[in-house]
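What follows is a short report on a single structure.
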Amino acid sequence: MSTKSPECYTTEPQASCLRVEMPTGRIYLLPLDQLAYAEMESDGREQLLHLSFATHEIMVRGNTLRRIETALHRLELSFITPLPAKYHSLIADGQPRIREIVVTEIKPVSEQSQLN
């Protein structure tokens, strides 16, 4: 039996890609050099980290997300995934807990025009 606590993120020096693993099994690999914008908001209980890439928007909800934001700032963030609620009690205080990730594909303008 493993005594290692579950992790919702990992870092790697000089990461070139962010791997976003969804509970459904879907995996996104997003080149960090295509990160256009990041913003973090807090409502006192939870944080929202918004990441805008060339092709996708990523919304990350959880607690203590500052470490994840800092790893992204340093281009060291290599992996994120939401943790099921049953594992939250295993995470030490002060460690990030990702509750939810929402991924939205950005449609090219020409593709959006064809839909209208």
* Structure fact -> Projecting the Cα atoms of 50, 63, 29 onto the charge dipole of the chain, where Lys and Arg contribute +1 and Asp and Glu -1 at Cβ, the residue farthest towards the positive end is 63
* Counting only protein heavy atoms, what percent of the accessible surface of segment 12-51 is carbon or sulfur at a 1.4 Å probe? -> 46 percent
* Asked: Peptides 57-68, 16-27: what's the order by average Cβ count within 10 Å, highest mean first?
  -> 57-68, 16-27
* **Accessible area expressed per residue, the chain, with surrounding protein chains retained (probe 1.4 Å, Å²)** => 66 Å²
* To do: Could you pull the accessible area for residue 53 with a 1.4 Å probe, rounded to 10 Å²?
  => 10 Å²
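The values are calculated or read from the model by the stated rules, or taken from the named source; none is laboratory data. Keep in mind the model is a prediction, meaning the values are calculated, not measured. Heads up, the Cβs are rebuilt from the backbone with ideal geometry, glycines too, and the neighbour counts pull from every protein chain shown. For the accessible areas, the whole protein counts, side chains as well, though only heavy atoms, and no ligand, DNA or RNA atoms are used. Shrake-Rupley method; radii C 1.70, N 1.55, O 1.52, S 1.80 Å.
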